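Single-structure report; data block below.
Every read-out reported here was derived from the displayed coordinates using simple, explicitly stated rules and does not represent laboratory data. Predicted, not measured: the structure shown is a model, and the values here were computed from it. Every residue, glycine among them, receives a Cβ derived from its backbone with ideal geometry; neighbour counts consider all protein chains shown.
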Amino acid sequence: MPTSATGSELPIASSGRAARWRHGAARQSGFTLVEIIVALAIMALALAVVPVSMAKLHEAMQYRSAVGDLIAGLKAARNEAVKTGASVPFSVDVPTRRIDVGSERSFVLPEPLELGLIVAEREITGQRGSIRFYPDGSSTGGTIVLRRPTGGGVRLRVDWLVGRVEQEPQ
């Protein structure tokens, strides 16, 4: 042990700093190149998946909205016929995708959806067909087919006797 000039022992003070400094001198804080490359690859993969998911989500929303609009339009035409005491047509112009409910309401279906129509022959005028609802709640009956571009779809059947709208998968 070291001693002073007077002969007394000097305490050895060790803070431990030197030992820590020696072991951590080569190590600096931050990220390695490999860690940064892995993080960027994960971000690029996530960004590549987002547009595909958004496109599918948009298509699904358009389809659900179109089905809902068709069902609501058919029910509105039936209710209007019962309420007013006059027949009300639910008209579908297949090439333009335009739907007219009586004289009050109309809408256009989105472009990517395929539209088909089966109605009574007397309700067809050119490329336009109608399902007519009568004041007693009955109708001429018919079927509207709506298909997604990716496959699948729905068939909306209108019962001629009571004018009820039934939805079934296609």
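Annotation note: chymotrypsin sites (Phe, Trp or Tyr not before Pro) in the range 77-170 located in DSSP loop regions with a Cβ neighbour count of at most 11 within 10 Å are absent.
Residues whose amide H lies under 5 Å from that of Leu117, counting only those 5 or more places away or on a different chain, are Val145; hydrogens are built 1.01 Å from N in the peptide plane.
For the range 73-97, the residues whose amide N sits under 20 Å from a probe point set 7 Å from the Cα of Glu111 along the beta carbon direction are 93-97. Both numbers refer to the Cα atoms of the range 80-135; Rg and Dmax are 11.8, 37 Å. Converting phi to 3J(HN,Hα) with the Karplus coefficients 6.51, -1.76 and 1.60 and the offset θ = phi - 60°, the range 131-138 yields 10, 9, 9, 10, x, 7, x, 6 Hz in sequence order, with x at every glycine or proline.
When only alpha carbons of the range 21-165 are considered, Rg and Dmax amount to 26.8, 96 Å.
Here r is the Cβ-Cβ distance between Arg122 and Met61 and R0 is 41 Å; the resulting FRET efficiency, rounded to 0.05, is 0.65. Residues whose amide H lies under 5 Å from that of Gly141, counting only those 5 or more places away or on a different chain, are Arg132; hydrogens are built 1.01 Å from N in the peptide plane. Of the GluC sites (Glu not before Pro) in the range 98-170, the ones in a loop by DSSP (not H, G, I, E or B) with at most 12 other beta carbons within 10 Å are Glu104.
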